Amino acid sequence: MKYEKLIANMDELQKRGLVFGSSITVTTQNIGEVTSDSFLSKLSGLGCKAVIFVEFVPVTDESKDLAPGDKEREYLKGEIERLRREHPEMVYISFPGDEKSSGGCVAAGRGFFHINSHGGAEPCPFSPYSDINVRDTSLKEAMNSRLFRELRDGGYLLEDHPGGCTLYERRTDVERIMADSNR
Ligand code: SF4
């Protein structure tokens with residue numbers, strides 16, 4: 001039912017001439033399918049103009065196997081290069097796989113940050129911690145919240161990580177910074 005609703009919404013967006021993109025979670029299990037010509041042709045046919053491949057980030061130890069590793073990232077990189085050549089009708093972005101070329105994690109205002117539905121400024125959707133709310137402050141101030149500054153200045157974002165997510169691997173440090181700022 002949710003699938004039919006999604007397709008109907010895409011149809012409606014296309015009818016109204018609105019530009020939209022799709023965010024696709026990539027796992028070790030679906031990587032072949034979501035980069036296949038048939039899947040992407042269908043998205044394009046529905047009017048989609050951009051595809052953001054978001055690598056699955058585990059938040060439990062049991063789901064770690066679903067997180068793309070170096071082998072899958074290499075595959076995804078090759079597929080994106082091919083798709084850009086062969087299917088230029090859409091734009092392709094890989095996240096956070098493209099972080100390798102950015103020298104590490106780009107969260108906490110190093111490259112971007114995330115605002116949740118309550119206005120809380122978080123380092124990234126995959127690191128849902130917040131010590132500041134954009135309802136009470138400017139974006140510039142939010143970018144320089146204590147949590148963001150400590151993550152940037154403490155070097156937490158620059159470490160290489162084997163897969164998944166730097167800040168998930170360092171979540172106890174993030175929680176410690178949060179606890180310290182609440183004292
Ligand atoms: S918090 Fe994780 S998913 Fe988000 S940018 Fe950093 S490494 Fe990538």
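Tabulated data for the structure shown
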quantity	calculated
Whole-number percent relative contact order across the chain, with pairs defined as alpha carbons under 8 Å at least 6 apart	18 percent
Simple Cβ-charge dipole of region 1-88, Lys/Arg +1 and Asp/Glu -1, about Cα centre, in debye nearest 20	480 debye
Relative contact order (%) - criterion: Cα under 8 Å, at least six apart; region: region 2-95	32 percent
Radius 13 Å from Cβ of residue 42, net charge of other residues (Lys, Arg +1; Asp, Glu -1)	-4
Theoretical ellipticity at 222 nm over the chain - DSSP helices of four or more residues, -39500 (n - 2.57) apiece, nearest 500	-11000 deg cm²/dmol
DSSP bridge pairs, the chain: antiparallel proportion in percent, nearest 5	25 percent
Within straight-line cross-link reach of residue 42, lysines at Cα separation under 26 Å, skipping those fewer than 8 residues along the same chain	2, 5, 15, 77
Dipole magnitude of the chain about its Cα centre (Cβ charges: Lys, Arg +1; Asp, Glu -1), debye to nearest 20	580 debye
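Taken together, the values in this text are just the output of simple stated rules run on the coordinates, not laboratory data. It should be emphasised that the depicted structure is a prediction, and the values quoted were computed from it without experimental measurement. As a convention, Cβ positions derive from the backbone with ideal geometry for all residues, glycine included, and neighbour counts pool all protein chains shown.
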